[in-house]
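Trainee: Attaching a single structure in structure tokens format; questions to follow.
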Amino acid sequence: MLLLAASRLPTLPAAAAYSLAQPIFHLTRQSTMGEVAAAAAKSSEDGDEEELREGMARILKKGNDVFYNEAQVTNRDLSVAVLRQFLPQLAQEKADGKIHKPGKATKDRKARKGGKEKHEPAQPAQGSARLLEGLAASGLRSIRYALELDGVSRIDANDLDPAVVESMRANIALNGPQVAARVVPTCSDARLLMLQSPEAYDAIDLDPYGTPAHFLDSALQAVAEGGLLAVTATDMAVLCGNSGEVCWTKYGSYPIHRPYCHEAALRILLACLESHANRYKRYIVPLLSVHMDFYVRVRRRRGVRRCWIE
């Protein structure tokens, strides 16, 4: 489990701490969110689905129609906790002018060299973060973000399977108008969606089945300056040295199977992220890296300075 983040700043404060499924029911294009909510409630009352609760969120589950991983509850809890601390910090950095839009930092450096630096009073921090869950499945994580986080204006909950997206719509409606106003379900290839949205997201969460390697390049282009990238890798056999050639192919590192292999797995994933970031004259700042059960996860900030020290 990895949490990463991004910024133009030379130094950044560190933070402490497809599914394949059948739809629960079919919707027409004319269906309103109220109709979806009513259908979801009726379906739950009839006993066709099991209602699951996690945090402040509720979802409907019918057999294995939509992927739900109970073992990842701690993963989702950590993500909520980190974002709860990170988003106010990011909003304050933007208000203080420490994080700039693309290209503005270069103009500011030229102004300072020419003695024309402008001192503007700091503006109060206002949260209007935009988040992306690239592989949302049931939408549970996005729903929790909408209910449990402040300062979030929009959450794009994406999945590749149209049937799963319909099920996600039902779960969004089940959780009321607050969630419906914030969470936007989308049906697309996560890589294409991120490539079409350069530097659009203040936080991106990627929790795929297996390796996240094929999502990293587009994710590092889509996360905004100073933003957070959370990545999970569950292919621990590959990262821990059971298949060195496969690890080299996916991550560009050759692992050694030793007692410290789980720490090495985190470092391999971080090195892969740094390599992708460097291609676009950016860097990463690890905030929290965790090995737990059958996966590693990192959270890091993304920086857009060149890789040398100024």
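The values are calculated or read from the model by the stated rules, or taken from the named source; none is laboratory data. What you see is a predicted model, and the numbers here were worked out from it, not measured in a lab. Cβ coordinates were reconstructed from backbone atoms using ideal geometry, including for glycine residues, and neighbour counts include every protein chain displayed. The area values use the complete protein model at the heavy-atom level, side chains included, leaving out ligands, DNA and RNA. Shrake-Rupley method; radii C 1.70, N 1.55, O 1.52, S 1.80 Å.
Trainee: Collect the residues in the stretch 227-277 that are of a type in the set (S, T, N, Q), open to solvent by 30 Å² or more (accessible area, probe 1.4 Å) and within 15 Å of VAL296 (Cα to Cα), keeping them in residue-number order.
Mentor: Once the filter is applied, which keeps residues that are of a type in the set (S, T, N, Q), open to solvent by 30 Å² or more (accessible area, probe 1.4 Å) and within 15 Å of VAL296 (Cα to Cα), the stretch 227-277 yields only THR234.
Trainee: Exactly one condition in (1) closer than 20 Å to SER79 by Cα; (2) buried (at least 17 other Cβ atoms within 10 Å of the Cβ) is false for PHE294; which is it?
Mentor: (2)
Trainee: Would you call ALA219 part of a strand (DSSP E or B) and within 16 Å of the chain's Cα centre (by Cα)? Steps first, please.
Mentor: On the way: part of a strand (DSSP E or B): no; within 16 Å of the chain's Cα centre (by Cα): yes.
So ALA219 fails the test.
Trainee: Of VAL179, VAL184, VAL164, which residue is touching a strand residue (DSSP E or B) at 6+ places or on another chain (Cβ under 6 Å), under 27 Å from GLU51 (Cα atoms) and either in a loop (DSSP other than H, G, I, E, B) or not basic (Lys, Arg) (or both)?
Mentor: VAL184
Trainee: If you don't mind, there's one more thing I want to ask. Report yes if some residue within the stretch 37-48 is in contact with a strand residue (DSSP E or B) (Cβ under 9 Å, 6 or more places away or on another chain), at pLDDT 60 or above and either more than 29 Å from ALA129 (Cα to Cα) or surrounded by fewer than 12 Cβ atoms within 10 Å (Cβ to Cβ) (or both); otherwise report no.
Mentor: Yes, the stretch 37-48 has at least one match.
Trainee: Still on this structure, I have one more. For the subset of the stretch 199-210 comprising residues that are assigned to a loop (DSSP other than H, G, I, E, B) and in contact with a strand residue (DSSP E or B) (Cβ under 9 Å, 6 or more places away or on another chain), which member is surrounded by the most Cβ atoms within 10 Å (Cβ to Cβ)?
Mentor: Across the stretch 199-210, the extreme among qualifying residues is ASP207.
Trainee: Kindly list the number of the only condition in (1) part of a helix (DSSP H, G or I); (2) within 23 Å of PHE86 (Cα to Cα) that fails for HIS214.
Mentor: Tallying (1) part of a helix (DSSP H, G or I); (2) within 23 Å of PHE86 (Cα to Cα), HIS214 fails exactly one: (2).
Trainee: Of everything in the stretch 49-96, what is modelled with pLDDT under 90, part of a loop (DSSP other than H, G, I, E, B) and either within 29 Å of VAL296 (Cβ to Cβ) or of a type in the set (S, T, N, Q) (or both)? Give them in sequence order.
Mentor: Selection gives ASN64, ASP65, VAL66, PHE67, TYR68, ASN69.
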